[in-house]
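What follows is a short report on a single structure.
The values are calculated or read from the model by the stated rules, or taken from the named source; none is laboratory data. Please read all numbers here as calculations on a predicted model, not as lab measurements. Note that each Cβ is placed from the backbone with ideal geometry, even for glycine, and that neighbours are counted across all protein chains shown. In case anyone asks, the SASA skips ligands and DNA or RNA and just uses the protein heavy atoms, side chains included. Shrake-Rupley method; radii C 1.70, N 1.55, O 1.52, S 1.80 Å.
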Amino acid sequence: MTTAGRRPHSGRTYAFSLRRLSLCFGLIALVLLAAGTALKAGARAADDHPVAAVALGLLALAAAVLVRRRRVRVARTAAPGPSAPGDVLTPDAIVPAAPVEEPLAVEEPLEVEEPLAEVGFEAMSAEEFEQAVADLCRRDGCRTAEVVGGAGDLGADVLAVTPDGQRLVIQCKRYDAAHKVGSQDLQRFGGTCFAVHDAHIAAVVTTSEFTEPALEYAAQCGILCLDGQALATWASTGSAPWTE
């Protein structure tokens, strides 16, 4: 609960003093007496010497004017700009503002995807290689292309649907140059690609080469075989292998 308090005084509080008041009136009386005496003396001097009195008056007036002008000049020198609402800025008193320099626009580099023809398939992991083959299928117009390789894939790494609606089943073999794809690899794939995956087109793609027995088995079963050279041609300027 809040209670209303007295508002503090912002000014000073002066105590009444009779002594100070008496001194003040005494000083005022002395000033008035001195002024009256000076005026009487001036009047007498003016009666005796009127020309000298006029000259002294003019000199006093001129001195007052000079002092006034000097004060005004000093005030203008100390404060050249307007300090009051009525002051007017002259063209010499206006200081032009410094131009603001806008920061240069920095263009961000555009991200350009690396062409599949320049991709080093041999340097990829097995998962990256499967994804690259699926990208090639999509590039060449396949309606769908997905990576399904993994445990229990039964030989199918990429499943796709060609532009004319045929089911494409691809097995990917990312081998080095010394490791060729043998006939046993083809036999395992041949036992599942048609019977299990219902492939219209079956293909084995490798970064290496095929042995002669493997090529013979593939020819008997109707399986397409793409070695490293055929893969590079497909990725660069060749047409889709299922159209040949």
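Would you point out the residue of the stretch 186-210, among those that are out of contact with any strand residue (DSSP E or B) (no Cβ under 7 Å at 6 or more places or on another chain) and open to solvent by less than 70 Å² (accessible area, probe 1.4 Å), that is farthest from residue 129 (Cα to Cα)?
Checking each candidate, the answer is 191.
Those residues that are buried (at least 16 other Cβ atoms within 10 Å of the Cβ) and assigned to a loop (DSSP other than H, G, I, E, B), I need them from the stretch 129-147; list them, please.
Hits for the stretch 129-147 are 140, 142.
Checking residue 226 against (1) modelled with pLDDT of 95 or more; (2) open to solvent by 50 Å² or more (accessible area, probe 1.4 Å), which test does it fail?
Going through (1) modelled with pLDDT of 95 or more; (2) open to solvent by 50 Å² or more (accessible area, probe 1.4 Å) one by one, residue 226 breaks only (2).
Looking at (1) open to solvent by less than 40 Å² (accessible area, probe 1.4 Å); (2) over 45 Å from the mean Cα position of the chain (by Cα); (3) under 19 Å from residue 244 (Cα atoms), which one does residue 156 not meet, given that it meets all the others?
Of everything listed in (1) open to solvent by less than 40 Å² (accessible area, probe 1.4 Å); (2) over 45 Å from the mean Cα position of the chain (by Cα); (3) under 19 Å from residue 244 (Cα atoms), residue 156 misses just condition (3).
Give just the number: which of (1) under 16 Å from residue 231 (Cβ atoms); (2) more than 47 Å from the chain's Cα centre (by Cα); (3) open to solvent by less than 30 Å² (accessible area, probe 1.4 Å); (4) aliphatic (A, V, I, L, M) does residue 177 not satisfy?
For residue 177, the exception is condition (3).
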